[in-house]
Amino acid sequence: HQSAGEYYHSVESMVRQALPQISVPVLCLLAEDDSVTPLSTFKKYIPTAHAGSPDERASPHVAFSLTKRGGHCGWFYGFLGYSWVDEVGLEFLQACMQHAE
């Protein structure tokens, strides 16, 4: 990409095409302070009382989790810098497996 703006536009285009087509459970973790994939890329797809038009909706198989902080691959806690992403991902997987039974 020639510029940051060009990169962000390409990411948004990819998201717009991919999110409606997801057919398996997906947990999408988003942080407001993510500088690599800004929240604006996903915000219109996050279900709210003011959801966008039908072409701006994610698949019903996508679960969004939005946090204020976390960066791009963060969500660290404690003195040793553990990330709670592994725990959340495992809980999501377990819930999906229970629902499938």
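The values are calculated or read from the model by the stated rules, or taken from the named source; none is laboratory data. Small disclaimer: the values here were computed from a predicted structure and weren't measured. No Cβ is skipped: glycine too gets one built from the backbone with ideal geometry, and neighbour counts run over all protein chains shown. When the accessible area is computed, the model is the full protein with side chains, heavy atoms only, and any ligands, DNA or RNA have been set aside. Shrake-Rupley method; radii C 1.70, N 1.55, O 1.52, S 1.80 Å.
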Seminar exercise, completed: Residue count, the range 1-32, condition touching a Leu at 6+ places or on another chain (Cβ under 6 Å) and farther than 20 Å from His61 by Cα, comes to 1
Exercise. Residues in the range 1-50 that are open to solvent by 30 Å² or more (accessible area, probe 1.4 Å) and in a strand (DSSP E or B): how many?
Worked result: 3
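Could you check the range 89-101 and list, in sequence order, the residues that are open to solvent by 100 Å² or more (accessible area, probe 1.4 Å) and assigned to a helix (DSSP H, G or I)?
Within the range 89-101, Glu91, Met97, Gln98, His99 meet the criteria.
Please find, within the range 20-45, the residue that is modelled with the highest pLDDT out of those that are aliphatic (A, V, I, L, M) and over 11 Å from the mean Cα position of the chain (by Cα).
It comes out as Val24.
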Exercise. What number of residues within the range 61-83 satisfy the criterion of being modelled with pLDDT under 85 and part of a loop (DSSP other than H, G, I, E, B)?
Worked result: 11
Problem set entry | The one condition in (1) open to solvent by 100 Å² or more (accessible area, probe 1.4 Å); (2) assigned to a loop (DSSP other than H, G, I, E, B) that Asp86 fails to fulfil | (2)
